[in-house]
Amino acid sequence: MIYYFTAALTAILFIIDREKTIRGLKIGLKKIRKNSPVFLNMIILVAFSLYFVSDELILKFLGDGSGAVGVALAGGLGSLAFMPGFVAFPLAGILLEKGVSYTVIAAFTTTLMMVGLVTYPVEKDFFGLKITVIRNLISLVMAIIVSIAIGLFYGELFI
């Protein structure tokens with residue numbers, strides 16, 4: 001559905017301003033060409049990780065019975081990793097299919113998106129140490145709150 005909408009909108013914009021639309025499409029294609037290798041590598045890395053890590057190991061540490069330890073481990077892994085949403089959410093779906101609880105997935109995806117230990121050096125250079133630490137701590141607290149809220153909603157709370 002979204003592809004049809006995008007194609008229709010592009011056609012309308014082409015009729016309105018042909019040159020600007022062509023210029024925009026060229027810029028978009030350039031960005032796709034530039035970013036595709038990075039995203040492809042990330043998807044391949046996630047696929048290899050899921051292939052080599054057994055379902056039993058995933059369930060042992062992140063499964064329904066993992067409780068607070070599973071949430072803490074998922075939050076730690078999410079804080080260390082760096083993945084865009086279009087990779088993180090399909091990965092969350094795969095983990096859900098393998099039996100990982102919503103609470104653990106919420107901790108993982110929320111920290112993955114909000115806490116940036118991998119990006120810490122760059123962020124520190126731009127914003128300074130104090131702002132970087134405060135932002136990451138607030139993000140970690142918010143991730144825990146989101147995880148607890150999801151746990152309450154799905155009746156999985158471990159506390």
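The values are calculated or read from the model by the stated rules, or taken from the named source; none is laboratory data. Quantities reported herein were computed from a predicted structural model and do not represent experimental measurements. Cβ placement follows ideal geometry from the backbone for every residue including glycine, while neighbour counts extend to all protein chains displayed. SASA here: full protein model, heavy atoms, side chains in, ligands and nucleic acids out. Shrake-Rupley method; radii C 1.70, N 1.55, O 1.52, S 1.80 Å.
A few remarks follow.
- In this simple spin-label model, placing a label point 7 Å from the Cα along the Cα-to-Cβ direction at both ILE138 and ILE32 gives a separation of 3.7 nm.
- Debye, to nearest 20: dipole size of the chain, +1 on Lys, Arg Cβ, -1 on Asp, Glu Cβ: 900
- Evaluated on the chain, the Kirkwood hydrodynamic radius is 18.1 Å, with distances taken between all distinct Cα atoms.
- Accessible area per residue, Å², segment 41-159 with all protein chains present, probe 1.4 Å: 60
- Helices that extend 24 Å or more along their long axis by alpha-carbon positions and average at least 0.0 on the Kyte-Doolittle scale are, among the DSSP H runs of the chain, 18-52, 129-154.
- Cβ-Cβ FRET estimate between LYS60 and ASP125, R0 fixed at 41 Å, reported to 0.05: 0.60
- Sequence-distant contacts, meaning Cα pairs under 8 Å at least 6 residues apart, place the relative contact order of segment 38-153 at 27 percent.
- For the chain, lysine pairs with C-alpha atoms less than 27 angstrom apart, excluding pairs fewer than eight positions apart on the same chain, total 7.
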